[in-house]
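Working notes for the structure below.
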Amino acid sequence: MASDMDFDTEFSPDYGHAVPIAQGVQRLTVNNPSPFTFYGTNSYIVGKSSLAVIDPGPDNEAHFDALMRAIDGREVSHIFVSHTHRDHSPLAARLKDSTGALTVAEGAHRAARPLHEGEINPFSESADTDFLPDIAIADGQVIEGDGWALSAIHTPGHTANHSVFALEDTGIVFSADHVMAWATTIVAPPDGSMADFMASVEKLLARKDRIYFPGHGGPVREPASFLRGLRTHRRMRERAVMERILAGDRLIADMVKAIYVKTDPKLHGAAALSVLAHIEDLLEKGRVATDGPPSLHGIYRPA
């Protein structure tokens, strides 16, 4: 989506090949490009003799074969899953069957809030509701392997069960879909929550990490400055939404046309959900009012 942020869209996916990106870390990218996945989903292999796999990806035969080639007969002790969207988690089941590894994640898929009466979840088909981790990892919990240790940082916002994983003593964080160099993250109710997302940004800003390896695209090389830019961007979006309501816009569709004037119309559906996420947050803050529960087709006014 169009933005005031300085994004890095330089990336070579090198499909089918494991690319070394740090000591003891390889990246494999699934050939599943789209407006929402960029060049595709990144899977990561951590370790040397005994391995962890992070975000095995969708149920994709070529990617499974590439992962198995890269694993090359070595032990895989754990499969970490950042969240349960179908471009990240479904291949975990097959990889577990083939390697005997334990799956690790915050928990099963769930929405950030209950569905309102008559509401339809627009992203229900993208949710992997079959996935249930062997280990429900707590915030801050560390799992160790042979020569590596990964700690979980719960970062709800994109989904309620989103976590990123820090490779201990390296300054590396596998930031999944919470922070990506190529674009802002989609925050779409009811699965996502803007208030949760912003709190997770603050949580990561309190850390001193060196580099992020995200779920799509290339690395975020200066995490602190990027996170500050992301925070500013979201605050500007919130201000733009509030300004449109103060100017008389009552429908999300009208706000999207005004705010996302330079954005590809194909992405206006996702933009509308992002506006809804901001409106839900503004409702909680008491700055906006509506009759009944918030929805894409609701009528909004200043509180």
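The values are calculated or read from the model by the stated rules, or taken from the named source; none is laboratory data. The structure presented is a predicted model; accordingly, all values stated were derived computationally and were not measured. Backbone-built Cβ (ideal geometry, glycine too); neighbour counts: all protein chains shown. Heavy atoms of the whole protein, side chains included, go into the accessibility calculation; ligands, DNA and RNA do not. Shrake-Rupley method; radii C 1.70, N 1.55, O 1.52, S 1.80 Å.
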- In Å³ per residue, the alpha-carbon convex hull of region 118-197 encloses 132
- Note on the structure: Measuring from its Cα centre, region 107-250 shows a charge dipole (+1 at each Lys and Arg Cβ, -1 at each Asp and Glu Cβ) which, in debye to the nearest 20, is 900
- Probe 1.4 Å, accessible area per residue of the chain, Å²: 43
- Task: Classify region 136-179 as rounded, prolate or oblate from the Cα gyration tensor: take a ≥ b ≥ c as the square roots of its eigenvalues, call it rounded if a/c is under 1.5, otherwise prolate when a/b beats b/c and oblate if not.
- Result: oblate
- Query: Once phi is turned into ³J(HN,Hα) by the Karplus curve 6.51 cos²θ - 1.76 cosθ + 1.60 with θ = phi - 60°, what whole-Hz value does each residue of region 55-68 show in order, with x for glycine and proline?
  - Reply: 6, x, x, x, 6, 10, 4, 5, 6, 4, 4, 5, 4, 5
- Please work out the Kirkwood hydrodynamic radius for region 251-303, using every pair of different C-alpha atoms, and report it in angstroms with one decimal place. 11.3
- Pull up all non-local amide H partners of Y15: gap of 5 or more, or a different chain, and H-to-H distance under 5 Å with H placed in the peptide plane. none
- Taking protein heavy atoms only, a 1.4 Å probe, and rounding to whole percent, the accessible area of region 142-200 owed to carbon and sulfur comes out at 47
- Task: Work out from phi, with θ = phi - 60° and the Karplus expression 6.51 cos²θ - 1.76 cosθ + 1.60, the ³J(HN,Hα) of each residue of region 137-151, listed in order in whole Hz, and give x for Gly and Pro.
- Result: 7, 7, 4, x, 5, 10, 10, 10, x, 7, x, 8, 9, 10, 10
- Taking Cα pairs under 8 Å and at least six residues apart, what relative contact order does the chain come out at, in percent? 14
- Can you tell which of L204, M242, P190 lies farthest toward the positive end of the dipole of region 158-303, using +1 and -1 charges on the Cβ of basic and acidic side chains (Lys, Arg; Asp, Glu)? M242
- Query: Around A149, which amide H atoms from residues at least 5 apart in sequence, or from another chain, sit under 5 Å from its own amide H, with H modelled in the peptide plane?
  - Reply: E168
- Which trypsin sites (Lys or Arg not before Pro) in region 238-281 pass both tests, a DSSP loop state and at most 15 other beta-carbon atoms within 10 Å? R250, K262
- Once Lys and Arg get +1 and Asp and Glu get -1 on their Cβ, which of S50, N60, A289 lies farthest toward the positive end of the dipole of the chain? A289
- So how many Å³ per residue does the convex hull of the Cα atoms of region 157-303 work out to? 106
- Point-charge dipole on Cβ atoms (K/R +1, D/E -1) for the chain, about Cα centre, debye to 20: 920
- Item | DSSP beta bridges in the chain [antiparallel fraction, %, rounded to 5] | 70
- Message: List the residues, sorted by chain then number, that are 5 or more residues from H216 or on another chain and whose placed amide H is less than 5 Å from its amide H.
- Response: N42
- Task: Let me know the whole percent of all Cα-Cα pairs from region 222-270 that are separated by more than 19 Å.
- Result: 38
- Message: Over all directions, the average projected area of the alpha-carbon convex hull for the chain comes to how many nm²?
- Response: 14.6
- Report, ordered by chain and residue number, the lysines lying within cross-link reach of K285, taken as a straight Cα distance under 22 Å and ignoring same-chain residues fewer than 8 apart. K203
- Report the charge-dipole magnitude of region 3-162 in Debye, nearest 20, computed about the Cα centre from +1 at each Lys and Arg Cβ and -1 at each Asp and Glu Cβ. 340
- Phi to ³J(HN,Hα) by Karplus 6.51 cos²θ - 1.76 cosθ + 1.60 over region 156-163, Hz, x for Gly, Pro: x, x, 5, 9, 5, 9, 6, 9
- Message: Given the DSSP H assignment, sum -39500 (n - 2.57) over each helix run of at least 4 residues in the chain and divide by its residue total; what's the result at 222 nm in deg cm²/dmol, nearest 500?
- Response: -8500 deg cm²/dmol
- Query: Within a Cβ distance under 14 Å of W148, other residues only, what is the Lys/Arg minus Asp/Glu net charge?
  - Reply: -3
- Write down the percent of antiparallel bridges among all DSSP beta bridges whose residues are both part of region 151-249, to the nearest 5. 65
